[in-house]
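The values are calculated or read from the model by the stated rules, or taken from the named source; none is laboratory data. A quick note: this is a predicted structure, and the numbers were derived from the prediction, not measured. All Cβ positions, even for glycine, are placed from backbone atoms using ideal geometry, and neighbour counts span all protein chains on display. The protein model used for the area step is the full one, side chains on, heavy atoms only, and it has no ligands, DNA or RNA in it. Shrake-Rupley method; radii C 1.70, N 1.55, O 1.52, S 1.80 Å.
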Amino acid sequence: LTGNFSVIVARLVSATVNFTVNRRVVFKGNETLGKAILKYAALAAVVLALNLALMHLLTIRLGWPFALSKILVELVLFCMNFVVQGKFVFRKKG
């Protein structure tokens, strides 16, 4: 139980830092904080679901090696995540 708690806390801290840096430094968006948080959380949920689905497809259904599948999935999702954050989550109004 302690291990799971530490993982959850680490993920929350990581997400908070990532959100803050991306909002202020990388994309410099002017979306309201509340809207940006909701969009960021929704994107994180979609990325998690896609990660699980793609890993299952590649490793279980298609029999690909885990390491190759993980590298490919993470690379694709990283790129998708970056584009969506810039165009949707942290967009500049006006």
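For a quick protection proxy, order the peptides 48-57, 77-86 by their average other-Cβ count within 10 Å, most packed first. Display every interim value, and only then the final one.
Details: 48-57: 13.2, 77-86: 14.7.
Highest mean packing first, the order is 77-86, 48-57.
Could you go through region 30-44 in sequence order and give the Karplus-derived ³J(HN,Hα) for each residue, using 6.51 cos²θ - 1.76 cosθ + 1.60 with θ = phi - 60°, rounded to whole Hz, and x for Gly and Pro?
10, 4, 4, 4, x, 5, 5, 5, 4, 5, 5, 5, 5, 4, 4
Test of understanding: what is the full-extension gain from Val76 to Arg11, defined as 0.36 nm times their sequence separation minus their Cα-Cα distance?
Details: separation 65, 0.36 × 65 = 23.40 nm, distance 2.05 nm.
Extra length from Val76 to Arg11 when fully extended: 21.4 nm.
Can you list the trypsin sites (Lys or Arg not before Pro) in the chain that are in a DSSP coil and have 11 or fewer other beta carbons within 10 angstrom? Can you show the working numbers first?
Numbers: sites: Arg11, Arg23, Arg24, Lys28, Lys35, Lys39, Arg61, Lys70, Lys87, Arg91, Lys92, Lys93; in loops: Lys28, Arg91, Lys92, Lys93.
Sparse-neighbourhood loop trypsin sites (Lys or Arg not before Pro): Lys28, Lys92, Lys93.
For Trp64, what residues show an amide H to amide H distance below 5 Å, using hydrogens built from the backbone and excluding near sequence neighbours?
So Trp64 has HN proximity to Thr59.
Given the rule -39500 (n - 2.57) for each run of at least 4 DSSP H residues, summed and divided by the residues of the chain, what is its mean residue ellipticity at 222 nm, to the nearest 500 deg cm²/dmol? Mind dumping the intermediate values first?
Working: 3 runs with 62 residues, N = 94.
Only helices count here, giving -23000 deg cm²/dmol.
Rounded if a/c is under 1.5, else prolate if a/b is larger than b/c, else oblate: which is the chain, with a ≥ b ≥ c the root eigenvalues of its Cα gyration tensor?
oblate
Determine the shape class of region 39-94: with a ≥ b ≥ c the square roots of the Cα gyration tensor eigenvalues, call it rounded for a/c under 1.5, and otherwise prolate if a/b is greater than b/c, oblate otherwise.
Prolate.
Just to confirm, what accessible area per residue do you get for region 12-94 at 1.4 Å probe, in whole Å²? Before the final figure, lay out the partial values.
Working: 5720 Å² over 83 residues.
Computed with neighbouring chains in place, this is 69 Å² per residue.
So, in the chain, how many Lys pairs have Cα atoms under 30 Å apart, if the pair is 8 or more places apart or on different chains?
Counting lysine pairs in the chain gives 12.
Relative to the longest principal axis of the chain, what angle (0 to 90°, nearest 10) does the C-alpha long axis of helix 2-21 take?
The angle comes out at about 40 degrees.
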